[in-house]
Each structure stands twice: as structure tokens, then as C-alpha cells.
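Derivation of every value follows stated rules applied to the coordinates shown; laboratory data play no part. Remember, predicted model here, so these are calculated numbers, not experimental data. Don't worry about glycine lacking a Cβ; one is built from the backbone with ideal geometry, like all the others, and counts go over all protein chains shown.
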Ligand SMILES: Cc1cc2nc3c(=O)[nH]c(=O)nc-3n(C[C@H](O)[C@H](O)[C@H](O)COP(=O)(O)OP(=O)(O)OC[C@H]3O[C@@H](n4cnc5c(N)ncnc54)[C@H](O)[C@@H]3O)c2cc1C
Ligand code: SF4
Ligand code: SF4
């Protein structure tokens, strides 16, 4: 009976706030906000703006909760150094990320890609976009060394019906995507 009750424990936003947000280990990946209608970013932190039903989605979606050793780096099959030969690609380093996405889109492996561009008004700020053309992918090349809310774009793209989506992001965002794919809660709110 005790095990049954434990399994049925309800997890509310307050647990996420207490364990992740308040101690300052939230990376602001935006996965919790993108997964729930009653959450938003306020004063630079995820915050509750409505009634929490304690469904546990935000807690289970957060890449900072229940981090296991194997999830820290993932499975590395091989390591390469490479440089793109495409003259139109102006990448940050070898332009490999941009070139691979161009190939994937042109070959039909993906229908879109979540990427990051500079804000037009404030060019030091990143803006996450869903690239659907080669032009979008080319203009997303290069790194902006500020955190980008890529998860919102990913979830809005899934809601619009995309199913083959390329995703570019730093490790905390990749962790969130990985969790979304593997968690039974991951797509519950879509
Ligand atoms: C915030 C941040 C910190 C990084 N820190 C390091 C580091 O410490 N050491 C290291 O070796 N490399 C770091 N990188 C990676 C490095 O800058 C290059 O992105 C990487 O080497 C790939 O090079 P490329 O020429 O193939 O990429 P490109 O072909 O230029 O493609 C870059 C891709 O990154 C995306 N992007 C740009 N800015 C962001 C952002 N803020 N969030 C999410 N996606 C973004 C673009 O949309 C594009 O798809 C960092 C990247 C970011 C975004
Ligand atoms: S995802 Fe569920 S637990 Fe988290 S804030 Fe929303 S309703 Fe509450
Ligand atoms: S899901 Fe992302 S934004 Fe939300 S608390 Fe966790 S790290 Fe922060």
C-alpha cells in the first residue's frame, strides 16, 4: 500500500520551484513553460500564472531533475573534426551544423528545424525560429552566446503538425528534448 501511494504521489509546480528554480540551477531552457499553459517566464524565472493541477509534467520534463550519470553526456559513437565545403555557409566554426541541416532538409529527412537567429531590434539577443527553407537555415548559421528559448519553438512546431524536426541547441536543451522523447509525461499537454 505504501508503495502504491508513493507511485501515485502528485507532483506540483512547487516541487520544481523548491528543487530547481529557487536554488538557482534552472537553465531557463523553457521546457516547463512550453509544456504547460499556466506557466510563464516572469522576472527571468518560470512562474505560475494560474491553477496548478499537480500533474507532474513540468517536473518530469525539466532537464535538471533526476539527472543520471548516463544522461550527462549521452552515447558518443565517434568523434570527428570537419569543415563545410559549401561557400554560402558562414558558420561559427566549420559550418557543419548548418550544412548537415541543409542536407537533411533538401533530402526530406526533416520538414523543419528549430534554430536560433539574432534579434533584429536587439542583435545581441537570440530568437528561436522554426526554419522551413534553406534560406532560413543559412541565416541561422553562427553562434549567439546567450541562452535561447528553443523548446517553445519545438513544441509550437509539433503542435502545428511537424513530425520530422531538426533541433539545434546547447546541452541543457538537448537534455530537455531527450526527456520529452523518453518520458511518459513528455507530450501530455500537447
Ligand atoms: C550558448 C553557446 C555556448 C557554446 N559554448 C561552446 C564552448 O564552450 N565550447 C565549444 O567548443 N563550443 C561551444 N559552442 C558551440 C560553438 O559555438 C558552435 O556552435 C559549434 O562549434 C558548431 O559550429 P558550426 O560552425 O558547425 O555551427 P554553425 O554551422 O555556425 O551552426 C550554429 C548553430 O547554432 C545555432 N545557435 C546559435 N546560437 C544559439 C543559441 N544561443 N542557442 C541555441 N542554438 C544556437 C544556430 O541556429 C545554428 O544552427 C557554444 C554554442 C552556444 C550556442
Ligand atoms: S505542468 Fe502540471 S504540475 Fe507543472 S505547473 Fe503545470 S499543471 Fe502544475
Ligand atoms: S524545465 Fe528548464 S526552464 Fe523549467 S525549471 Fe527546468 S531548467 Fe528551468
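Normalised by 2.2 N^0.38 Å, where N is the number of residues, the C-alpha radius of gyration of the chain stands at 1.12. What is the antiparallel percent of DSSP beta bridges lying wholly in segment 96-182, to the nearest 5? The antiparallel fraction comes to roughly 65 percent.
By its C-alpha gyration tensor, with a ≥ b ≥ c as the square roots of the eigenvalues, how is segment 96-182 shaped: rounded for a/c under 1.5, else prolate for a/b larger than b/c, else oblate? Verdict is oblate for segment 96-182. Answer rounded, prolate or oblate for segment 134-175, using the Cα gyration tensor with square roots of eigenvalues a ≥ b ≥ c: rounded when a/c is under 1.5, else prolate when a/b is larger than b/c, else oblate. Oblate, since a/c reaches 1.5 and b/c is not below a/b.
Dividing the summed helix terms, -39500 (n - 2.57) for each DSSP H run of n ≥ 4, by the number of residues in the chain produces a 222 nm estimate of -8500 deg cm²/dmol to the nearest 500.
First measure r as the distance between the Cβ atoms of residue 132 and residue 85, then evaluate 1/(1 + (r/R0)^6) with R0 = 41 Å and state the FRET efficiency to the nearest 0.05.
Working: r = 24 Å, r/R0 = 0.60.
Calculated value: 0.95.
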